[in-house]
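Q: Sending over a structure as structure tokens; questions will come in a sec.
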Amino acid sequence: MSFLRPVWKSGLCLLLATSANTHAHEQHEPGHIASPQMYELLLENERALVLKIMLKPGESDAFHRHNNETVYFEKGSKLKIETLGGEPVVADVPDGHVMWHEAWTHRVTNLGEQTAIAIIIEEK
């Protein structure tokens, strides 16, 4: 089950809660491998992966997977989130927003006017 703070639109919560697809998840690379120009590997050990992503206005990362993750949006923006087989959802993510999400496959596009910057802490 997904947990997102109420800042997110209810349609996004529903979309994320129903987006799990284990087979499709396994077929995609992790974000920092699928889109290395947007991700920076900050730490990797046997328990966690810590990434920093920067998406400039108009940029999209490639479809990729994450294990269970906590995400801190240092700088938010207007983001479009696409999942496999789901309807795209657009959300205005504020600076400082924090979310947790179970393993999933998705792609993010920055529709806003500022660069989105997030720190992702992913379980191994």
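The values are calculated or read from the model by the stated rules, or taken from the named source; none is laboratory data. Bear in mind that the values here come from a model prediction, so they are computed numbers and not experimental data. Every residue, glycine among them, receives a Cβ derived from its backbone with ideal geometry; neighbour counts consider all protein chains shown.
Q: Restrict the check to the stretch 81-90 and report whether at least one residue is outside any strand (DSSP E or B), closer than 15 Å to residue 28 by Cβ, in contact with a helix residue (DSSP H, G or I) (Cβ under 6 Å, 6 or more places away or on another chain) and at pLDDT below 95.
A: Looking through the stretch 81-90, at least one residue is outside any strand (DSSP E or B), closer than 15 Å to residue 28 by Cβ, in contact with a helix residue (DSSP H, G or I) (Cβ under 6 Å, 6 or more places away or on another chain) and at pLDDT below 95.
Q: Oh, and also: Restricting attention to the stretch 101-121, which residues are in contact with a helix residue (DSSP H, G or I) (Cβ under 7 Å, 6 or more places away or on another chain) and assigned to a loop (DSSP other than H, G, I, E, B)?
A: 103 - this is the single residue of the stretch 101-121 that is in contact with a helix residue (DSSP H, G or I) (Cβ under 7 Å, 6 or more places away or on another chain) and assigned to a loop (DSSP other than H, G, I, E, B).
Q: Can you tell me how many residues within the stretch 38-74 are in a loop (DSSP other than H, G, I, E, B) and either touching a His at 6+ places or on another chain (Cβ under 7 Å) or not acidic (Asp, Glu) (or both)?
A: 10
Q: Within the stretch 51-73, work out how many residues are surrounded by 15 or more Cβ atoms within 10 Å (Cβ to Cβ) and over 12 Å from the mean Cα position of the chain (by Cα).
A: Final tally of qualifying residues: 1.
Q: Can you run down the residue pairs with Cβ atoms below 7 Å, 6 or more apart or on separate chains, where the first is in the stretch 28-50 and without any contact (Cβ under 8 Å) to a residue 24 or more places away in the chain and the partner is surrounded by 19 or more Cβ atoms within 10 Å (Cβ to Cβ) and aliphatic (A, V, I, L, M)?
A: 32/51; 38/53; 38/55; 39/51; 39/53; 40/51; 41/51
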